[in-house]
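Novice: Here you go, one structure.
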Amino acid sequence: MAEKMELNEVEVWDGNYAVSQALRQAQVDVVAAYPITPSTPIVENYGAYVANGYVDGEFVMVESEHAAMSACVGAAAAGGRVATATSSQGFALMVEVLYQASGMRLPIVLTVVNRALASPLNVRGDHSDMYLGRDSGWIQIDAFNAQEAYDLTLCAFRIGEDMRTRLPVMVHQDGFDTSHTAQNVKPLQDDEAYKFVGVYKPFEEMLDFSKAVTYGAQTEEDWHFEHKAKQHKALMDSPVVIDEVFEEFKKLTGREYKRVESYLMDDAEVAIVALGSNVETATYTAQQLREKGIKVGVVSPRCFRPFPFDEIRDALKDVKSVAVLDRSCPMGAMGALFNEVTAAMYTTDSRPIISNYIYGLGGRDLTVEDIKAIYEEQLANAEVGHLTTPVQQFIGVRGPKLGFFETRRGK
């Protein structure tokens, strides 16, 4: 076991440092990485931990993010606990190999510090890269602040490495808004954290020469369909494991996580659905409106993949109007989160009015006043029983107000 670091009961960490500490405490065997803003400090810190003897692992500097995930795939197939970090264009370069990792059922942990995709070039945060990876076969979990980034990274190892799952896991956090914002974090002590994560148990590793295995074999129409269906089933079955890990983490720390987080929803008439650090802004705004007797709430899918259809339906079943906030430009379509939420609600008898707001692209702030305006429009929808605005709007953009996909007004 590597040398311990002395941790206080409460540390002041940003999201990147919090994740790097989780990687150290999990005693990751290999981190292969190529640095990219704003995720660089995660792997930079891990490299320092290796150099200073705080972790018995290997830090492998490679020539690109494609190579980083390729090296992670090789290290995981060889039998190691493996992790890395990336953002934006680096994530886009990794995409080809993301499908390899999930198809080979390798429990790699990837911490994604969400950032806008070019062009034009932008290093600030939005969710373009998160949505880019939604069909890659990885479990995707979203952190809203530094504490959650730390906690959920530890949970990710337990979830992915469980033999009922055996899938790679992404842990997302907002670039700069979370990754570079210092907040109070209550870490576990090293022994506690490692006990929770557990000793890594290799499965059919390639370096076990007593049992020959192959990875990434070619399967045409004879078996490809069956392999992908089985992989999909593993992803859809993973909520059982996710819930168990979250419950165990709650017993250890008192901090509770759910695959769908709901705030002030017991009697809410309208709601906002969102992801990322702006969930906290929306919750703060909802609390202000609640003090005035206005029944509003917030719902957030903590797990974006597998998408929690049943839990979203339950959270929104009594709501009259819903605003789904997407922090990514969908380019010719509705937002990705909007599509998921709408599909979930369409399959129920309760079909609230649902509208889509595009916000925060390239790091643009979403203010309390912006959110109040969104709630006001939802309350107007609820009062008349139909949309009072275009179904999709860009909020916070300079210039003329942009609204798309006009719908026929109902009675």
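Novice: In region 260-404, if the dipole is taken from +1 on Lys/Arg beta carbons and -1 on Asp/Glu beta carbons about the Cα centre, which of Thr388, Met334, Ile374 is farthest to the positive end?
Specialist: Positive-most Cα among the choices belongs to Met334.
Novice: Round to the nearest 10 and give me the degree value, 0 to 90, for the angle of helix 278-290's Cα axis relative to the longest principal axis of the chain.
Specialist: 40 degrees
Novice: For the charge dipole of the chain, defined by +1 on Lys and Arg C-beta atoms and -1 on Asp and Glu C-beta atoms about the Cα centroid, which residue among Gly175, Val185, Gly74 has the Cα displaced farthest towards the positive pole?
Specialist: Ranked along the dipole, the leading option is Gly175.
Novice: Let me ask you something else. In degrees between 0 and 90, to the nearest 10, how far off the longest principal axis of the chain does helix 368-384 point, with axes built from Cα atoms?
Specialist: 50 degrees
Novice: Starting with the fewest neighbours, write out Asp135, Asp310 ranked by other beta-carbon atoms found within 10 Å of each beta-carbon. List each step's numbers first, then the result.
Specialist: Details: Asp135 11, Asp310 14.
So the residues, fewest neighbours to most, are Asp135, Asp310.
Novice: For a quick check of your reading of the filter: which GluC sites (Glu not before Pro) in region 356-411 sit in a DSSP loop and have no more than 15 other Cβ atoms within 10 Å? Don't skip to the answer; put the middle values down first.
Specialist: Details: sites: Glu369, Glu376, Glu377, Glu383, Glu406; in loops: Glu406.
Those that pass, being in a loop and sparsely packed, are Glu406.
Novice: Using the charge dipole of region 11-253 (Lys, Arg: +1 at Cβ; Asp, Glu: -1 at Cβ; taken about the Cα centre), state which of Ala33, Thr84, Ala22 has its Cα farthest towards the positive end.
Specialist: Ala22
Novice: Where in region 30-126 are there GluC sites (Glu not before Pro) that are in a DSSP coil and have at most 14 other Cβ atoms within 10 angstrom of their Cβ?
Specialist: Values: sites: Glu44, Glu58, Glu63, Glu65, Glu96; in loops: Glu63.
Qualifying residues, ordered by number: Glu63.
Novice: Compute the long axis of helix 15-25 from its Cα atoms, compare it with the longest principal axis of the Cα atoms of the chain, and write down the angle in degrees, 0 to 90, nearest 10.
Specialist: 30 degrees
Novice: Per residue of region 271-277, what does 6.51 cos²θ - 1.76 cosθ + 1.60 with θ = phi - 60° give for ³J(HN,Hα)? Whole Hz please, x for Gly and Pro, Karplus curve as stated.
Specialist: Couplings: 8, 10, 10, 8, 10, x, 5 Hz.
Novice: Nothing charged except the Cβ atoms of Lys and Arg (+1) and of Asp and Glu (-1): what's the magnitude of the dipole of the chain about its Cα centre? Round to the nearest 20 debye.
Specialist: On the way: 39 positive and 58 negative charges, 205 e Å.
The dipole of the chain has a size of about 980 debye.
Novice: With each run of n ≥ 4 DSSP H residues scored as -39500 (n - 2.57), what mean residue ellipticity at 222 nm is computed for the chain after dividing by its residue count and rounding to the nearest 500 deg cm²/dmol? Don't skip to the answer; put the middle values down first.
Specialist: Numbers: 13 runs with 159 residues, N = 411.
When only DSSP H runs of four or more count, the value is -12000 deg cm²/dmol.
Novice: Which chymotrypsin sites (Phe, Trp or Tyr not before Pro) does region 60-147 hold that lie in a coil by DSSP with at most 13 other beta carbons within 10 Å? Each step should come with its number before you reach the end.
Specialist: Working: sites: Phe91, Tyr99, Tyr131, Trp138, Phe144; in loops: Trp138, Phe144.
Nothing satisfies the criteria.
Novice: Ok, one more. Taking every DSSP beta bridge with both residues inside region 227-370, roughly what % is antiparallel (nearest 5)?
Specialist: Details: 4 of 18 bridges.
In region 227-370, approximately 20 percent of DSSP beta bridges are antiparallel ones.
Novice: Something else: Could you size up the charge dipole of region 260-404 around its Cα centre, putting +1 on the beta carbon of Lys and Arg and -1 on that of Asp and Glu, and report it in debye to the nearest 20? Write out the running numbers ahead of the final one.
Specialist: Details: 14 positive and 19 negative charges, 82 e Å.
About 400 debye.
Novice: OK, next. With 10 angstrom as the radius, rank Tyr34, Tyr150 by how many other C-beta atoms surround their C-beta, starting from the fewest. Can you show the working numbers first?
Specialist: Working: Tyr34 23, Tyr150 28.
The fewest-first ordering by Cβ neighbours comes to Tyr34, Tyr150.
No lab work stands behind these numbers, since they all come straight from the coordinates. What you see is a predicted model; the values in this text were computed from it and never measured. Positions of Cβ are backbone-derived with ideal geometry, glycine not excepted, and every protein chain shown enters the neighbour counts.
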